[in-house]
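*Asks:* Have a look at the structure that comes next, please.
We did not get these values from a lab; they are worked out from the coordinates using the rules stated. Bear in mind the structure is a predicted one, so any value in this text is a computation, not a measurement. Here the Cβ is made from the backbone with ideal geometry for all residues, glycine too, and neighbour counts use every protein chain on show.
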Amino acid sequence: MRALLLMLSLCLALGPAHAQRAAKKKPKAPPAVPVAPAAPSGVRCGGDDEALRPAAAGAANPAQAVQAQSDPRAYLLQVADSAVQRSRSVNVAQLLEAAARDDLRDAQAASLPQMQLNLTGGYGGSHLNGVNLSSGVEARAALQIGGPLWDWGRQKQLVEWRRQLGEAAAAGRANAAEQVALQAVSLSLDRSRYSLQSQVYGQYVRKMACLVEALQTITQLDPGRASELVQAQKNQQQAELALATTQDLLKSNETRLRRLVGDPLPPVGSLSAVLAQLPDLGLLQKDLLAAPDVGAATAQALAAQRLAEATAAGQKPQVSWLGSANAAAGNGRRVDYIGGVQVTVPLWRATDEPQLSAARRRAEAANAQRDEALDAKTWRLTEIHEAAGNSLDRAKRIAELLRASQQLRAATLQQWQQLGRRSLFDVMGAEADYYSLRVAQINALYDAQQAVAVMGSMGRGVTALLR
């Protein structure tokens, strides 16, 4: 009875023509295995096509692995914060910000009284009408104190100039942190993308391995179908190549991510839908004004204006107060002193006009650069928003195609296995189409999420978007 069932299975798989040829040849014994055998040890032929979960391998903390799967937003925020804390570029920007604060303190202190003491020692003398009055070793001391009274707002503008440069440095530090955070989020998204693609290609490899094993059994009975075996082996090799290529991309991605967050790497997060909602374009455009780079450009433009105003004020008369006391000992003792108001009136300096013109032109250029940067970001935001919308729409369309492709591959495989009405080439074509659609769906989803992350970084920041 068992041999009869095996023969019936073989005849159904090979088709009526093959069954007739097998009956004419009258083999001595029926084959010991069916045409569509089970997969070899360790190979699964089905049942895992829908379960795509990023592996949590390499997680140093079990709680972190749970968070990577259950709370992807908190996971991405943790990865971004870790990258920012480790970043040398952010540290450099922090030092520049601290230096700008010191420059501001220096400008603020310039309006305070200044005091200095000069001590001189040496050989000196004095002559009057050719007569040597005194000569010899002499020591002198001079004490001076003074401060500005009226400078047409020059010192105030210099303080505001330094203040704006400080704000630009702070915005530069925020922009550096934002770029590092965006890079960490982008690499994490791509890591999840390649992890899912590896699983899809792995399933494709296992499916082709099952078909190859089935064809090896069939070819033993019907050598005329050897071309099908060759084609199946070729498809299996192509699937293995795609899997190896994806794994190489994953390793390269993890190397770049390791530079940002260090070792050990956090687990692969379940990020297929964390940023899959398209934000409103109007709100994103309003957030552009809050972007760190736009803030830095605005502060630079204001700083250039303040410097131009300070330059213009410096070319006007200056009023200051002063006090001075001088004492000498050695060739007699002398003391003289003076205190009062000093007025400095610039009459003509050849450098005044080009200095003022250059400062005003720099201010105009800084304003133009700021407007150009904002305009470019606005158009770039519109372009990325459209691309994100197209990616999400493409993902929906692929999902509909996947349902049809799944039905087609199941029916094609069943007809090939049981009815012999479809060729192996139809089966392999259906399988290749199905798995390529799954990879295309993953790419569409992650392309959209990458675009959403970039749009968030163009405004208040990707971390603000995640929060």
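*Asks:* Can you give me the relative contact order of the stretch 283-360 as a percent, contacts being Cα pairs under 8 Å and 6 or more apart? Each step should come with its number before you reach the end.
*Replies:* Details: 60 pairs, mean separation 24.4, N = 78.
Computed over the stretch 283-360, the figure is 31 percent.
*Asks:* Sticking with this structure for a sec: If you take the beta carbon distance between Val335 and Arg361 as r and set R0 to 60 Å, what does 1/(1 + (r/R0)^6) give as a FRET efficiency, to the nearest 0.05?
*Replies:* Efficiency, from the Cβ-Cβ distance: 0.70.
*Asks:* Whose amide H sits under 5 Å from the amide H of Leu149, counting only residues 5 or more places off or on another chain, with H placed in the peptide plane?
*Replies:* Val319, Ser320, Trp321
*Asks:* Continuing with this model, one more query. Separation between the Gln418 and Ser227 pseudo-spin-labels, each 7 Å from Cα along Cα→Cβ, expressed in nm?
*Replies:* Here the modelled spin labels are 2.9 nm apart.
*Asks:* Something else now. Calculate one ³J(HN,Hα) per residue across the stretch 250-263 by plugging θ = phi - 60° into the Karplus curve 6.51 cos²θ - 1.76 cosθ + 1.60, and present them in order as whole Hz with x for glycine and proline.
*Replies:* 5, 5, 5, 4, 5, 5, 5, 5, 5, 5, 7, 10, x, 9
*Asks:* Could you tell me which trypsin sites (Lys or Arg not before Pro) in the stretch 343-423 are loop residues by DSSP with no more than 12 other beta carbons within 10 angstrom of their beta carbon?
*Replies:* Loop-located and lightly packed - Arg349, Arg421.
*Asks:* How high is the FRET efficiency between Leu95 and Ala376 when r is their beta carbon distance and R₀ equals 35 Å, given to the nearest 0.05?
*Replies:* Computed FRET efficiency for Leu95 and Ala376 comes out at 0.75.
*Asks:* Here is a follow-up. I need the phi-derived Karplus couplings for the stretch 271-283: 6.51 cos²θ - 1.76 cosθ + 1.60, θ = phi - 60°, integer Hz, Gly and Pro marked x.
*Replies:* Using θ = phi - 60°, the values come out as 10, 5, 9, 5, 10, 8, 9, 7, x, 6, 5, x, 5 Hz.
*Asks:* Check Val268: other-chain or 5+ apart residues with amide H under 5 Å from its amide H, H built from backbone geometry?
*Replies:* Distant-sequence amide H within range of Val268: Ala57.
*Asks:* Read phi for every residue in the stretch 174-190 and hand back ³J(HN,Hα) as whole Hz from Karplus 6.51 cos²θ - 1.76 cosθ + 1.60, θ = phi - 60°, with x for Gly and Pro.
*Replies:* 5, 5, 5, 5, 5, 5, 5, 4, 4, 5, 5, 5, 5, 5, 5, 5, 5
*Asks:* When the label point is put 7 Å from the Cα of Ser135 along its Cα-to-beta-carbon vector, which residues of the stretch 324-363 have a backbone N closer than 17 Å?
*Replies:* Hits in the stretch 324-363 for Ser135 at 17 Å: 330-332.
*Asks:* Report the full-extension gain for the segment Ala325 to Ser111: residue separation times 0.36 nm, less the Cα-Cα distance, to one decimal in nm. Each step should come with its number before you reach the end.
*Replies:* Numbers: separation 214, 0.36 × 214 = 77.04 nm, distance 2.18 nm.
That pair, Ala325 and Ser111, stretches by 74.9 nm at full extension.
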